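**Student:** Below you'll find the structure I mean.
Read-outs throughout are calculated quantities, based only on the coordinates presented, and are distinct from any laboratory measurement. Here the structure is a predicted model, which is why all the values come from computation and not from measurement. Every residue, glycine among them, receives a Cβ derived from its backbone with ideal geometry; neighbour counts consider all protein chains shown.
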Amino acid sequence: MENSDKKDRRTVFVTVGTTLFDALVRAVDTWEVKKELFRKGYTHLLIQIGRGSYIPTKSGTEDGSVSVEYFTFSSSIADHLRSASLVISHAGSGSIFETLRLGKPLIVVVNEDLMDNHQSELAEELAERRYLYCARPQTLHQTIANLEVESLLPYPASDATPVAKMINRFLGFPDD
Amino acid sequence: MDVACGTLISLIFFTIIRVLWVVYQTGKALRPKSPKSMNTLIVLGSGGHTAEMIGVLSTLQKERFCPRYYVAAATDNMSLHKARVLEGSVDDTMGDRGATVQFLQIYRSREVGQSYITSVGTTLVAISHAFWLMIRIRPEVVLCNGPGTCVPLCAIAFLFKVVGVRWSSIFYIESIARVKKLSLSGLLLYKLRMADQFYVQWPQLQRKYPRAHYVGCLM
C-alpha cells in the first residue's frame with residue numbers, strides 16, 4: 001500500500017524563499033489552482049510559506065482533489081525540490097537555478113508587491129527561452145491549465161571558463 | 001599668501017592630472033614580464049551573488065590568485081561559510097593555510113530598515129573599517145559581483161591607485177539576475193570607470209553598455 005502510494009504520488013512543491021509571499025500562497029490555495037493541478041494529474045501540494053501570515057487549509061486526498069500540506073522553513077529544501085514533479089517558486093535567482101539544475105519543471109511566480117522589481121526580468125527572459133513558465137499570482141491557474149511540461153527545454157550547463165580566461169589575460173597570465 | 005595660493009592651485013592641478021591618468025590607465029591590460037601570484041580581494045554578497053562568485057573562483061587557478069581575502073557583510077554568515085567550504089577549511093583549523101586564505105567581515109553602512117539619522121554614524125564606522133581592511137590587504141586584484149559593500153572598497157582601491165599606494169585591477173561581474181538594467185553598484189562602477197573589466201551575463205546588457213564584456217551565463 002505504502003509503496004504503490006509513493007509511486008503514484010506526484011507532488012507540487014511551492015516555495016516562497018527566505019521571506020514571505022502571501023499572494024503566492026493564497027493563489028495556490030484557491031479552488032481554481034487546485035482543480036487545474038488535479039486535472040494535470042498532480043496528487044500532493046506541499047507549500048513552504050516562510051514568514052507569511054496566510055495559512056493554507058490542510059486537506060487529505062480523499063475528496064478527489066490534491067492533498068495540501070505546508071511548513072514555514074526547512075533546511076532540506078533541496079530534498080523537497082528533488083522529490084517534486086513540479087515546482088512553483090518565487091522569482092529569486094537562487095531558487096530558480098537550483099530547480100533548473102535538478103531538471104524539474106518550474107513555474108516562477110513574480111511578486112508584484114516588491115519595490116525593486118528587477119526579479120521579473122530574469123524570470124521573463126528565461127521563460128522566453130522556454131526554460132520555465134512565468135506567471136503572476138492572479139494568472140497562475142491559467143498557466144497551469146496551459147502547462148505543457150514536455151515543451152520546456154533543459155537548461156544548459158553553465159560555464160565560468162570564458163570569464164576566468166579574460167581575467168587571466170588581463171592580468172598577463174598565459175593561457176593554458 | 002601668494003605662495004600658499006600657488007601651492008594649493010598646483011596641488012589641485014596635479015591631483016586632477018593624476019586622477020585623469022589613473023582613469024586613462026584603468027581598463028588597460030597588465031603586461032608583466034614574469035607574472036607572479038597576486039594579492040586578491042574577493043567581495044561576497046548574499047545568496048545568489050555568492051553562488052555566482054564561487055562558480056568563477058572554482059575555475060580560477062588558486063596559485064595565481066594568492067593570498068586570497070574573502071570579505072562579506074558582518075550580518076551575512078552564510079557567504080563566508082560557503083567560501084570556507086570552497087577553500088576546504090570549514091573547521092577553522094587553518095594551519096599553514098592561514099597565510100594564504102583569510103575570511104573577513106565588514107560593517108555595512110546601513111542595514112535594511114535602519115533610520116537615516118543613525119546611519120550617519122554607522123556610515124562613518126563602516127568607512128573607517130573599510131579603510132583599515134584595505135590598508136591591511138592592499139589588494140592587487142579585486143573581484144566583486146554586486147553587493148553594495150563592494151562600492152566603497154572599490155573606491156578605496158581607486159584612491160590607492162591615485163595616491164600611489166597600490167595599483168590594482170578591479171573586475172566586476174554583474175549578476176545573472178540583471179537582464180535589462182545594471183544594478184546600482186554595477187552602474188556606479190561602470191559610469192565612474194572604476195572597474196578595469198566589466199562583465200555581463202546577457203547579450204542585451206552588453207549592447208546597452210558597450211564597454212562591458214559578455215561572458216554568458218555563470219549559473
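**Student:** Tell me the mean residue ellipticity at 222 nm calculated for chain A from its helices only (DSSP H runs of n ≥ 4, each -39500 (n - 2.57), averaged over every residue, nearest 500). Walk me through the intermediate numbers first.
**Tutor:** Working: 8 runs with 64 residues, N = 176.
That comes out to -9500 deg cm²/dmol.
**Student:** In square nanometres, what is the average projected area of the Cα convex hull of the protein assembly as shown? Show your work: numbers first, answer last.
**Tutor:** Values: hull surface 101.0 nm².
Projected over every direction and averaged, the Cα hull of the protein assembly as shown covers 25.3 nm².
**Student:** Related question: Provide, as a two-decimal number, the C-alpha radius of gyration of the range A:85-176 over 2.2 N^0.38 Å, N being how many residues it has.
**Tutor:** 1.37
**Student:** For B:Val85, A:Val16, A:Val110, what ranking results if the residue with the fewest other Cβ atoms within 10 Å of its Cβ goes first?
**Tutor:** Values: B:Val85 11, A:Val16 26, A:Val110 23.
Ranking B:Val85, A:Val16, A:Val110 by Cβ neighbours within 10 Å, fewest first, gives B:Val85, A:Val110, A:Val16.
**Student:** Across 10 Å bins from 0, what is the distribution of all Cα-Cα pair distances for the range B:109-219, in whole percents?
**Tutor:** Result returned by the calculation: 14, 40, 31, 15, 0.
**Student:** Filter the DSSP H helices in chain B by two things, a Kyte-Doolittle mean of at least 0.0 and an axial alpha-carbon span of 15 angstrom or more, and list the hits by number. Could you put the intermediate results ahead of the total?
**Tutor:** Working: long enough: B:2-25 (34 Å, 1.66); B:47-57 (16 Å, 0.69); B:77-87 (16 Å, -0.35); B:116-137 (31 Å, 1.29); B:150-163 (20 Å, 2.39).
For chain B, where a helix must reach 15 Å along its axis and average at least 0.0, the hits are B:2-25, B:47-57, B:116-137, B:150-163.
**Student:** Of B:Lys28/B:Lys180; B:Lys33/B:Lys62; B:Lys82/B:Lys191, which sit over 25 Å apart, Cα to Cα?
**Tutor:** Numbers: B:Lys28/B:Lys180 27 Å; B:Lys33/B:Lys62 20 Å; B:Lys82/B:Lys191 31 Å.
Check vs 25 Å cut-off fails for B:Lys28/B:Lys180; B:Lys82/B:Lys191.
**Student:** Regarding the range A:49-100, what whole-number volume in Å³ per residue does the convex hull of its Cα atoms give?
**Tutor:** 105 Å³
**Student:** How high is the FRET efficiency between B:Ser119 and A:Asp113 when r is their beta carbon distance and R₀ equals 30 Å, given to the nearest 0.05? The partial results should precede the final answer.
**Tutor:** Numbers: r = 25 Å, r/R0 = 0.83.
About 0.75, to the nearest 0.05.
**Student:** For chain A, what proportion of DSSP beta bridges, expressed in % and rounded to the nearest 5, is antiparallel?
**Tutor:** Values: 1 of 21 bridges.
Approximately 5 percent, going by the DSSP bridge assignments.
**Student:** Let me ask something additional. Averaged across orientations, what area in nm² does the convex hull of the alpha carbons in the range A:16-109 project?
**Tutor:** Its average projected convex-hull area is 5.6 nm².
**Student:** Moving on to the next point. Can you give the FRET efficiency to the nearest 0.05 for A:Arg136 and B:Leu30, using r as the Cβ-Cβ distance and R₀ = 41 Å?
**Tutor:** Numbers: r = 48 Å, r/R0 = 1.18.
According to the calculation, E is roughly 0.25.
**Student:** Restricting attention to the alpha-carbon atoms of chain B, what are Rg (one decimal) and Dmax (integer), both in Å?
**Tutor:** 18.5, 64
**Student:** Here is a further query. With chain A treated as a Gaussian network of Cα nodes joined by springs under 10 Å, which of A:Lys34, A:Lys104, A:Lys165 yields the largest mean-square fluctuation?
**Tutor:** Residue with maximal mean-square fluctuation among A:Lys34, A:Lys104, A:Lys165: A:Lys165.
**Student:** Another question about this same structure. Among the lysines, select those whose C-alpha is under 20 Å from the C-alpha of A:Lys35, and discard any that sit fewer than 8 residues away in the same chain.
**Tutor:** Of all the lysines, those that pass the test against A:Lys35 - Cα under 20 Å, at least 8 places apart if same chain - are A:Lys58.
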